[in-house]
Amino acid sequence: MKRIGNLYNRIISIENLIEADKKAQKGKSKQYGVQLHNLNKEANILKLHKMLKEKTYETSKYDIFKVYEPKEREVYRLPYFPDRITHHAIMNVLEPIFVSTFTADTYSCIKNRGIHLLLRRLKTTLKNANETTYCLKLDIKKFYPNIDHRILKLLLRRKFKDQDLLWLLDEIIDSAEGLPIGNYLSQYFANFYLTYFDHWIKEEKKVKYYFRYADDIVILHSEKPYLHNICYDIKNYLRNNLHLEIKDNYQIFPVKSRGIDFVGYVFYHTHVLLRKRIKKNFARKLKKNPNTRSKASYLGWLKHCNGIHLTKKLLPDEQFQRF
């Protein structure tokens with residue numbers, strides 16, 4: 001694989017920092033950190049350029065808080081200036097390079113992919129019921145917190161040879177244990193951490209029906225013993241190469257009888273349903289407030305599955321007609 005250099009000067013250029021500032025501000029103009037930065041924007045951009053050029057930049061202290069939906073987890077937040085601008089500046093240059101390494105079978109946090117493309121491709125795949133009789137579904141135990149910094153840095157050095165760039169990426173990686181959830185760069189680092197695993201799955205193991213969304217993985221096949229064998233190989237690969245473990249609750253099951261609970265939906269060969277928890281949350285919020293602002297979001301979920309009867313049940317007749 002060709003290693004790429006001469007990227008750092010593009011990242012720290014004044015022009016790129018200005019563009020990163022614009023991107024980072026989208027939809028966030030009312031945030032205190034953005035407003036504070038805008039009071040002295042030009043001077044801040046010049047200051048950031050100087051810090052990066054002289055390599056005095058250090059990641060700021062994280063603000064750490066908990067969220068409880070869809071599950072309890074710690075989220076890390078950095079100040080807008082200088083950190084979030086820096087992360088966008090990095091990704092302005094590195095995003096197409098990262099994406100070029102990803103296989104077509106991973107969907108999380110990648111432009112023009114995401115849940116809806118995964119949904120369409122999985123629905124199309126499941127139409128071939130004879131080859132997709134059984135499903136292996138697994139996810140990785142505490143994926144973000146367990147990412148090994150040493151291994152991530154070695155993987156990055158397989159792709160990049162620009163020492164100044166690697167210094168900056170190392171500084172950001174070492175700013176917290178594992179990869180901090182909520183950090184803009186973390187989603188790309190996480191995808192990159194698994195990209196050589198994806199290539200191993202597709203190119204060495206020759207797995208035909210493989211879908212990965214972040215650390216959630218679905219593999220389909222006509223024979224259950226094949227899936228048991230591939231699961232064993234996956235366990236060994238992740239443990240030996242990436243110091244990761246899969247959760248003990250991995251499942252191998254017939255799609256026809258159970259369906260695949262994945263990215264908010266339950267997939268069968270003939271139809272797709274909304275995940276029960278999402279359905280219950282929607283019903284509860286509508287009961288509490290029929291005009292809840294989250295209604296449009298839930299209706300968006302329903303449009304991509306066989307949700308006509310659920311929609312009729314939840315919405316009054318006049319709202320259903322508009323839907």
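For the stretch 286-300, state whether one or more residues are closer than 27 Å to CYS135 by Cα, of a type outside the set (A, V, I, L, M) and open to solvent by 70 Å² or more (accessible area, probe 1.4 Å). Checked the stretch 286-300: no residue is closer than 27 Å to CYS135 by Cα, of a type outside the set (A, V, I, L, M) and open to solvent by 70 Å² or more (accessible area, probe 1.4 Å). For the stretch 236-279, what are the residues that are more than 22 Å from the chain's Cα centre (by Cα) and among the small types (Gly, Ala, Ser)? Listed by number, the residues that qualify are SER257, GLY259.
Go through the stretch 298-320 and report how many residues are in a helix (DSSP H, G or I) and at pLDDT below 80. Walk me through how you get there before you give the answer.
Quick first cut of the stretch 298-320, residues in a helix (DSSP H, G or I) only: 298-303, 308-314, 317-320.
Subsequent filtering for residues that are at pLDDT below 80 retains 308-314, 317-320.
Residues in the stretch 298-320 being in a helix (DSSP H, G or I) and at pLDDT below 80: 11 in total.
Quick one: which of TYR232, TYR184, TYR188, TYR213 is of a type in the set (Phe, Trp, Tyr), closer than 24 Å to LYS142 by Cβ and modelled with pLDDT under 95? Criteria check complete, one pass: TYR184.
Go through the stretch 58-78 and count every residue that is part of a loop (DSSP other than H, G, I, E, B) and touching an Asp or Glu at 6+ places or on another chain (Cβ under 8 Å).
Residues of the stretch 58-78 part of a loop (DSSP other than H, G, I, E, B): 58-62, 68-72, 78.
Narrowing the set further to residues that are touching an Asp or Glu at 6+ places or on another chain (Cβ under 8 Å) leaves 58-60, 78.
Residues that pass the stated criteria total 4.
Within the stretch 1-56, being of a type in the set (D, E, K, R) and free of Cβ contacts under 8 Å to residues at least 60 places away in the same chain holds for LYS2, GLU15, LYS22, LYS26, LYS28, LYS30, LYS41, GLU42, LYS47, LYS50, LYS53, GLU54. Just to be sure before I move on: is ARG84 in contact (Cβ under 8 Å) with a residue 24 or more places away in the chain and assigned to a helix (DSSP H, G or I) in the structure I sent? Criteria met by ARG84.
Taking the conditions (1) modelled with pLDDT of 95 or more; (2) open to solvent by 80 Å² or more (accessible area, probe 1.4 Å) in turn, LYS30 satisfies each one other than (1). Kindly provide the set of residues from the stretch 129-178 that are within 24 Å of PRO225 (Cα to Cα), more than 17 Å from the chain's Cα centre (by Cα) and surrounded by 18 or more Cβ atoms within 10 Å (Cβ to Cβ), ordered by number. Answer for the stretch 129-178, where residues must be within 24 Å of PRO225 (Cα to Cα), more than 17 Å from the chain's Cα centre (by Cα) and surrounded by 18 or more Cβ atoms within 10 Å (Cβ to Cβ): THR132, TYR134, CYS135, LEU136, LYS137.
May I ask you to list the residues in the stretch 6-25 that are of a type outside the set (S, T, N, Q) and farther than 13 Å from TRP167 by Cβ? Show your work before the answer.
Step one: list which residues in the stretch 6-25 are of a type outside the set (S, T, N, Q), which gives 7-8, 10-12, 14-15, 17-24.
Those that are of a type outside the set (S, T, N, Q) and farther than 13 Å from TRP167 by Cβ: ARG10, ILE14, GLU15, LEU17, ILE18, GLU19, ALA20, ASP21, LYS22, LYS23, ALA24.
What's the total number of residues in the stretch 2-22 that are at pLDDT below 95 and either on the phi < 0 side of the Ramachandran plot or of a type in the set (Asp, Glu) (or both)? Total meeting the criteria: 4.
Applying the condition of being of a type in the set (S, T, N, Q) and assigned to a helix (DSSP H, G or I) to the stretch 252-285 and asking which residue is surrounded by the fewest Cβ atoms within 10 Å (Cβ to Cβ) yields SER257. Considering only the stretch 197-214, I want to know if a residue exists there that is more than 20 Å from the chain's Cα centre (by Cα), at negative phi, part of a loop (DSSP other than H, G, I, E, B) and buried (at least 17 other Cβ atoms within 10 Å of the Cβ). Yes; the residues of the stretch 197-214 include at least one that is more than 20 Å from the chain's Cα centre (by Cα), at negative phi, part of a loop (DSSP other than H, G, I, E, B) and buried (at least 17 other Cβ atoms within 10 Å of the Cβ).
The values are calculated or read from the model by the stated rules, or taken from the named source; none is laboratory data. None of these values were measured; they are calculated from a predicted model. Virtual Cβ from ideal backbone geometry, glycine too; neighbours counted across all protein chains shown. Note: areas computed on protein heavy atoms with side chains; ligands, DNA, RNA excluded. Shrake-Rupley method; radii C 1.70, N 1.55, O 1.52, S 1.80 Å.
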